[in-house]
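Chemist: To start, I am sharing the structure in question, which I have written as structure tokens.
The values are calculated or read from the model by the stated rules, or taken from the named source; none is laboratory data. The structure presented is a predicted model; accordingly, all values stated were derived computationally and were not measured. Because the Cβ atoms are built from the backbone with ideal geometry, glycine has one as well, and the counts that use them run over all protein chains shown.
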Amino acid sequence: MNNNETIAAIATGLSESGISIIRVSGPDAFSIADKIFKCSDNKKVSEYESHTIHYGFIRENNEIIDEVILSVMRSPRSYTTEDTVEINCHGGLLITKKVLEAVIRNGARLALPGEFTKRAFLNGRIDLTRAEAIMDVISADNELALKASVKHLRGDIFEKILNLRNEIIHETAYIESALDDPEHISLDGYSDTLKEKINSILCELIKMEESALDGQIIKDGILTVIVGKPNAGKSSFLNMLIGREKAIVTDIAGTTRDALEQHVRIGDLSLNLVDTAGIRSAKDEVEKIGVEKSKEYLKEADLVLFIVDSSIKLDKNDLDIIDLIKDKNVIILFNKSDLSSVIEEKDVTDKFKDLDNLRVLKISAKEKTGIEQFCDLIKEFILDQSISSNNELLITNERHREKIHEAIESLNLVMDSINKNMPEDFMTIDLMSAYASLGEIIGEEISEDLADEIFSKFCMGK
Amino acid sequence: MVSRIREKVDVCVVGAGHAGCEAALACARLGLNTVIFTVSVDSIALMPCNPNVGGSSKGHLVRELDALGGEMGKNIDRTFIQSKMLNVSKGPAVHSLRAQADKAEYTRAMRKVLENQDNLTIKQAEVTELLTVEDIAHLNDENEVTEYEKNDKKLIIGGVKIYTGAVYECKAVVLCTGTYLRARCLCGEAITYTGPNGLQPANHLPDSIKKLGIELRRFKTGTPARMDKRSIDFSKMIPQYGDEKIVPFSFSTDPESIQIEQVPCYLTYTNEETHEIIRANLDRSPIYAGVIEGTGPRYCPSIEDKVVKFPEKEKHQVFIEPEGLHTNEMYVGGMSSSLPEDVQLAMYRTVPGLENCKIVRNAYAIEYDCIDAMQLLPTLEFKTVSGLFAGGQFNGSSGYEEAAAQGLVAGINAAMQIKGKEPLIIDRSEGYIGVLIDDLVTKESFEPYRMMTSRAEYRLLLRQDNADLRLRKKGYEIGLISEEQYKHLIDKEKMISDEIQRLKSTIVGANARISAFMEKYDSPALRTGCSLAELMCRPQFDYEKLSEIDDERIKLPDEVIEQVEIEIKYEGYIKRQISQVKSFKKMESKKIPEDIDYDDVNSLRREARQKLKMFKPVSVGQASRISGVSPADISVLLVYLSSRYPKNNE
């Protein structure tokens, strides 16, 4: 990468949306735009004032590619701090690509993933932890994850880690100075003090790590598995849920475990819905594989939607399913409530052990009733149950969770050394490891590949 | 017109203190024609302060120096009168050897080594000027440099001129001027313009050094009084004896050969009365009265400093140590001072056992010119003057051991440069010497640098007991370690790894004999079979005790057993420290190209950019240790390097 090059990419997602934006940044951004952008005022892009927008056409070889709005941001007042042009063209894959190709043919290079942010970073606009938080904000696809990322951007997590880290270095420094000046600084009885300190730091870190599990659910979506015997109404329920709002159903590359998985947003929450191939004692081999797969999904599931056909009696199929899911968080959906019901709620709920993990709702996929209640139920169920309070700091970044985990392990080793009555100079080894791990979260400790790793996770055009 | 002497040699070493001796010996032993200059041949390897070598973390330096082929360890083994392994109650990382020296003997023995070293000439003379190659080219018959137009090219050292006007042309100069540059000694209001012990200072050289564009600064250090043994009442003090089994400093010394009769030191304490006298007279101390401009070491504080810094302490330790076997002078460790003579006497006489003491030499502070070592490369060569190296207190350190270690490295690197070989750079994970030099050349320091345990991040790996295993190979490759010594190392390594392997694979069962053994030592009974190595990890056992159930054991040297025991008992910690070293090494191996333009790295903060431009760090690791360069700057630098120089960073 060379900052003398001008880079371009589609800044909006590659989907059939109303408007797409092509971002061009670098020293030649204006001159490239001049070659392909024609405005009725006949002015050159390079003559426009910063932070102005202009209506015109993208033309190449006298052929109009699209009708666009072009915005101009002069260095250093842009995201990358370089001269930047953003072309708002009509959405639609074909048109967007054509505009981008025109930009590239006229001297820009296709940007690498994260390159715009990398330039912003290299040009001093943001630091590394901020870049990482920006990435989290960009990839946050629901409200709660966004809030958590913004909190990080604002520095709440930063502050917390910084404090814990200071406590660790304080203890290390004490041990070190006692080693250097034993005459004046004594370690008598110090291991008890240290034990207490480490315990309290550990408590804090463990809380943060636990929040990371919630944070992960919030960020990546709740893995929700739909089960029910054939014809109970799984597919029609799924369609009803999806049909609620067409635009938000997407296959997210990389997060999708299976083609079966679908992404649905309900308020603050994201559900990753998996429709299982009905679970029953399969006879033929092909079907067996499907069933095994469903069972695997169930193991991982954060939430199970159990669809029961309330118009017919419970059979062995239902009982087999209940056996598989009785330890999970389950919402039982009594479908076909438009027909006369032949089963009582109790008939099913009695078969579950822990009613706290269980919710019940009547729906009719055919009549499309119960969907609003379902959405409310799911919000209440998930937010009240598994995510204790959304005011707490949530760790939503997997790298951060890993580092917190490493710090916990190191501090456990310190406790181990204390319990084994090891001389104090051994404890500093693991204290410093914990210190370094926490430092990597807030950018106080830079490991060799961290910087590139962070930028490589960005998506194209950001 | 008088013609002056002009000689051609390979290396000139300026100063024959602990740094100069090591530098000169290293160069001469590597086959280079070497001259060592000193203002007094009778003061070679002088110990003007404490009468001991080693001590916490300093002992590590001496052992490392010995592993590389230096002389200090051997010389103290020849001349010590008491030896003690310190901190044995703590972990093996902080064990440290300290030996009391017979000062006169130490000096005499080192002088003998120098005098008998091939390729080495001792010359009593004050060096007054450093000459560049261009200066040499413009010398006239009288060895005066005639006027010539200087260009901007990097300076290359060409030789030195001494007070008589004689010129020694050479390929490298090693500056080891210690505390002699523009030295002045202060004893309260009494100021003398001399080096230590009344020796002649070097007043001309500083100007010549500055002419080369090198910046000088002023540091201060001090030493306590020496007392007449006959005036001390030792019955009021606690005798401090040496170890029963003496461990030599040098890996080449046969332990059996040094089990000598030892002399004791004595411990006593200051008290409130002492502190009262000091407080009442602080205005007469040159430091507190503002007379001393130099900055003194924080960790080797004068008694005035201790009383001021620890007002809550009711007493401070005072060690009374013999200066040698053939003198009545006793060193008063822990009570260095620059207070006036009358206050000194009053203060010393408050200490139990010193009530009637007679002072032979007064305590004094000494002030001298030295450099900020950030002007040096990690090889200890000046960044701006090719062929000019520096070691010892001149670099802003304090202590004999720190000086000797740098002198050795500076000498080796002068020799390596002349021979066109790779320089010796020991990194922070390889030795205390590496930590010492890296700190000196990278970190800002405002006081004489003293080696301390806490400065070494990877100290569990940098133990004094394994210095040979860490560094002897380097010494061999350089050419200072003989084939025979090297073979000894290889054999030792093999014995260690074989024995560890054997202990790990020898399984003892849960039978009656083992159960009886476990019971004898109060160790929980075994349920299943277990390796001897696993048993050794239990706190109740060590290698020695396990001999009762280890039938196949063969007799191994103590130095091998020591390593086996440490490696097995602390395996987990050692492994974790090794993984810390791995991430350190990664950053060290990220080299910064010499042609990097820091102005092109936009997002560096201004302070960081200035520092980086000034210090020209060789690696990202080194850059990260420069004060004023933040982790955020380092992340910027990393991303910049991988973008701008993708190939360099693969």
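Chemist: Taking region B:85-102 as the region of interest, how many residues are away from chain A (no Cβ under 14 Å) and either surrounded by fewer than 22 Cβ atoms within 10 Å (Cβ to Cβ) or without any contact (Cβ under 8 Å) to a residue 40 or more places away in the chain (or both)?
Modeler: 1
Chemist: Name, by its number, the condition in (1) modelled with pLDDT of 90 or more; (2) away from chain A (no Cβ under 11 Å); (3) under 27 Å from the mean Cα position of the chain (by Cα) that does not hold for B:Y598.
Modeler: Condition (3) is where B:Y598 drops out.
Rundown of residues vs (1) free of Cβ contacts under 8 Å to residues at least 60 places away in the same chain; (2) in contact with a strand residue (DSSP E or B) (Cβ under 7 Å, 6 or more places away or on another chain), yes/no style:
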residue	(1), (2)
B:L376	no, yes
B:F382	no, yes
B:A390	no, yes
B:S397	yes, yes
B:G407	no, no
B:K421	yes, no
B:T442	no, no
B:Y458	no, no
B:A467	no, no
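Chemist: I've got another one for you. Suppose we filter region B:605-645 for residues that are of a type in the set (S, T, Y), touching a helix residue (DSSP H, G or I) at 6+ places or on another chain (Cβ under 7 Å) and not in a helix (DSSP H, G or I); how many remain?
Modeler: 2
Chemist: Please enumerate the residues belonging to region A:411-430 that are more than 10 Å from chain B (Cβ to nearest Cβ) and either surrounded by fewer than 22 Cβ atoms within 10 Å (Cβ to Cβ) or modelled with pLDDT under 90 (or both).
Modeler: A:N412, A:M415, A:I418, A:N419
Chemist: Of everything in region B:1-18, what is within 26 Å of B:L61 (Cβ to Cβ) and touching a Ser or Thr at 6+ places or on another chain (Cβ under 9 Å)? Give them in sequence order.
Modeler: The answer is B:V11, B:C12, B:V13, B:V14, B:G15, B:A16, B:G17.
Chemist: Taking the conditions exactly as written (in contact (Cβ under 8 Å) with a residue 60 or more places away in the chain and either surrounded by 24 or more Cβ atoms within 10 Å (Cβ to Cβ) or closer than 29 Å to B:N33 by Cβ (or both)), does B:A415 satisfy them or not?
Modeler: Criteria met by B:A415.
Chemist: Among B:D102, B:D118, B:D77, which is touching a Gly at 6+ places or on another chain (Cβ under 9 Å), under 25 Å from B:E401 (Cβ atoms) and modelled with pLDDT of 95 or more?
Modeler: Only one candidate qualifies: B:D102.
Chemist: Exactly one condition in (1) out of contact with any helix residue (DSSP H, G or I) (no Cβ under 6 Å at 6 or more places or on another chain); (2) under 29 Å from B:P255 (Cβ atoms); (3) β-branched (V, I, T) is not met by B:V581; state its number.
Modeler: The number of the failed condition is (2).
Chemist: Picking from B:A365, B:A404, which residue would you name as being of a type in the set (A, V, I, L, M) and at pLDDT below 95?
Modeler: Every option except B:A365 fails the conditions.
Chemist: In region B:521-576, which residues are assigned to a loop (DSSP other than H, G, I, E, B), touching a residue at least 40 places away in the same chain (Cβ under 8 Å) and within 14 Å of chain A (Cβ to nearest Cβ)?
Modeler: The answer is B:Y570, and nothing else.
Chemist: Here's another thing I want to ask about it. Can you find even one residue in region A:397-404 that is farther than 19 Å from A:E209 by Cα and either outside the structural domain of A:I226 (by TED's automatic domain parsing) or modelled with pLDDT of 80 or more (or both)?
Modeler: There is no residue in region A:397-404 that is farther than 19 Å from A:E209 by Cα and either outside the structural domain of A:I226 (by TED's automatic domain parsing) or modelled with pLDDT of 80 or more (or both).
Chemist: Condition first: buried (at least 19 other Cβ atoms within 10 Å of the Cβ), among the charged types (D, E, K, R) and more than 14 Å from chain A (Cβ to nearest Cβ). Can you find one or more residues in region B:401-410 that meet it?
Modeler: Checked against the condition, which is being buried (at least 19 other Cβ atoms within 10 Å of the Cβ), among the charged types (D, E, K, R) and more than 14 Å from chain A (Cβ to nearest Cβ), region B:401-410 yields at least one hit.
Chemist: Among the residues of region B:1-32, which ones are modelled with pLDDT of 95 or more, in a strand (DSSP E or B) and charged (D, E, K, R)?
Modeler: The answer is B:E7, B:K8.
Chemist: When you check B:L424 against the structure, is it at pLDDT 95 or above, farther than 30 Å from A:T172 by Cα and assigned by TED's automatic domain parsing to the domain that holds B:H95, yes or no?
Modeler: Yes; evaluated as a whole, the condition is true for this residue.
Chemist: Shifting gears a bit: Name the single residue that is surrounded by the fewest Cβ atoms within 10 Å (Cβ to Cβ) among those in region B:582-594 being part of a loop (DSSP other than H, G, I, E, B) and at pLDDT 90 or above.
Modeler: The qualifying residue surrounded by the fewest Cβ atoms within 10 Å (Cβ to Cβ) is B:P593.
Chemist: Sticking with this one: Going through region B:440-469 one residue at a time, which ones are part of a helix (DSSP H, G or I), over 25 Å from B:V560 (Cα atoms), away from chain A (no Cβ under 14 Å) and not β-branched (V, I, T)?
Modeler: B:L440
Chemist: Tell me which residues, restricted to region B:128-143, are modelled with pLDDT of 90 or more and either exposed (fewer than 11 other Cβ atoms within 10 Å of the Cβ) or under 14 Å from B:I5 (Cα atoms) (or both).
Modeler: Hits for region B:128-143 are B:I136, B:L139.
Chemist: When you go through (1) in a strand (DSSP E or B); (2) closer than 24 Å to B:V173 by Cα; (3) β-branched (V, I, T) one by one for B:T107, which number turns out not to apply?
Modeler: So B:T107 meets the others, but not (1).
Chemist: For region B:243-261: of the residues being more than 20 Å from B:M72 (Cα to Cα) and in contact (Cβ under 8 Å) with a residue 12 or more places away in the chain, which is surrounded by the fewest Cβ atoms within 10 Å (Cβ to Cβ)?
Modeler: The qualifying residue surrounded by the fewest Cβ atoms within 10 Å (Cβ to Cβ) is B:K245.
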